[in-house]
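Worksheet: one structure, shown below.
The values are calculated or read from the model by the stated rules, or taken from the named source; none is laboratory data. Only a predicted model underlies this, so the values are computations on that prediction, with no experimental measurement involved. Glycine also receives a Cβ, built like all others from the backbone with ideal geometry; neighbour counts cover every protein chain displayed.
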Amino acid sequence: MPARLIVNADDFGLTLGINRAVEELHRAGALTSATLMATGPAFDDAAAIARRNPRLGVGCHLVFVDGAPVSHPDEIPTLLGGDGKNFRHSNLEFLQALLRGRIKSEEIARETQAQIQKLQRAGIDVTHIDSHKHTHLFPAVATPVLHIAERCGVRAFRYPFEPHWSREVMRGHVKLTRRLAQAALDFFEPRFRPLIDFNTDDKTTSGTLGIAATGTLNEATLRLTLHALEQQGSENIYELCCHPGYDDADLDRQNTRLRRSREIEIQALLAVVAEISQNPDGPELIHYGNLGIAGQQRATRHFTPFNGYEKVL
């Protein structure tokens with residue numbers, strides 16, 4: 001039995017061009033999952049795409065950095081930047097405030113609930129959570145986030161660390177800035193792992209591929225990664241994290257360094273993932289909603305997703 005692979009697009013709901021890429025890739029068999037930004041400018045369009053593509057797993061892309069909150073600013077003041085309306089602009093600013101004890105865990109919990117429930121109220125069965133710029137890798141964030149997600153009926157989440165075999169494959173294809181980011185991930189992984197019980201239900205994966213290759217993922221690097229995946233044990237589940245989209249005027253208005261690379265990723269996914277999906281010896285393509293007990297319930301139509309109006313806090 002081959003390894004199982006989740007192909008997940010981040011930033012769903014950020015622009016119409018990203019939304020269009022998600023739907024096109026999913027219908028071409030090259031994408032199984034996407035994580036939706038609750039306050040993305042193109043949220044309504046993304047929610048409509050999610051509803052008309054029920055086989056697309058849709059998670060919540062939690063945003064605590066570089067964006068606007070769902071909660072009223074008065075309810076989450078320690079999460080906000082200097083303007084008192086929006087989140088801090090960078091991971092570094094966020095981490096500094098976190099380490100200095102300036103961010104309250106109850107406000108992280110409140111905003112997590114607000115973002116997840118916004119998706120649920122839009123009629124979306126939220127399959128999992130991850131976070132913009134991987135902020136949930138910090139234990140002080142992960143603890144309230146994972147607790148509230150489960151209270152909201154969302155049991156699966158991204159394990160935001162790349163396995164060594166995948167990083168070795170990408171050696172020489174990764175920019176210095178990404179290697180520095182990987183060093184930060186290595187520091188936090190042993191602090192994140194104790195928060196997870198890997199022995200009860202399938203809540204997460206064995207690792208996330210493509211993190212080191214963010215911004216440089218193309219057909220050649222994707223083929224290298226997925227070829228190496230074929231050598232891994234059948235008991236493993238991995239996520240491929242990607243950022244496809246169209247480099248258009250809407251994207252120009254967003255604060256993102258990923259621009260032309262998004263269209264390169266579209267072509268890579270179409271060329272490689274759609275191809276392996278036809279290979280009986282290739283990885284089985286799934287989404288987070290297929291994992292664990294909830295996945296079994298979905299398969300037998302016995303799963304009842306939360307509607308977003310449940311009392312959580």
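The number of residues in region 281-313 being in a loop (DSSP other than H, G, I, E, B) and under 18 Å from residue 238 (Cα atoms) comes to 5. Scanning region 213-231 for any residue that is under 24 Å from residue 4 (Cα atoms), acidic (Asp, Glu) and in contact (Cβ under 8 Å) with a residue 60 or more places away in the chain turns up at least one such residue. Scanning region 227-250 for residues that are surrounded by fewer than 21 Cβ atoms within 10 Å (Cβ to Cβ) and in a helix (DSSP H, G or I) yields a total of 4. Close Cβ contacts (under 7 Å, 6 or more residues apart or on different chains) running from residues in region 26-50 that are more than 22 Å from residue 4 (Cα to Cα) to residues that are outside any loop (DSSP other than H, G, I, E, B) and of a type in the set (Lys, Arg) comprise 38/118. Residue check: residue 265 meets all listed conditions (1) within 21 Å of the chain's Cα centre (by Cα); (2) more than 26 Å from residue 133 (Cβ to Cβ); (3) in a helix (DSSP H, G or I); (4) modelled with pLDDT of 95 or more but one, namely (2). Against the definition (charged (D, E, K, R) and surrounded by fewer than 16 Cβ atoms within 10 Å (Cβ to Cβ)), how does residue 265 come out, yes or no? No: the conditions fail for residue 265.
Restricting attention to region 223-249, the residues being more than 25 Å from residue 157 (Cβ to Cβ) and at pLDDT 95 or above number 4. In the set (1) surrounded by fewer than 18 Cβ atoms within 10 Å (Cβ to Cβ); (2) touching a Pro at 6+ places or on another chain (Cβ under 8 Å), residue 276 fails one condition alone, (1). Residues considered: 256, 304. Of these, the only one that is farther than 26 Å from residue 206 by Cβ, under 18 Å from the mean Cα position of the chain (by Cα) and not aliphatic (A, V, I, L, M) is 256. The criterion of being touching a His at 6+ places or on another chain (Cβ under 9 Å), closer than 30 Å to residue 53 by Cα and hydrophobic (A, V, I, L, M, F, W, C) holds for residue 149. Here residue 9 qualifies as crowded, with 22+ Cβ neighbours inside 10 Å and either closer than 14 Å to residue 240 by Cα or more than 16 Å from the chain's Cα centre (by Cα) (or both).
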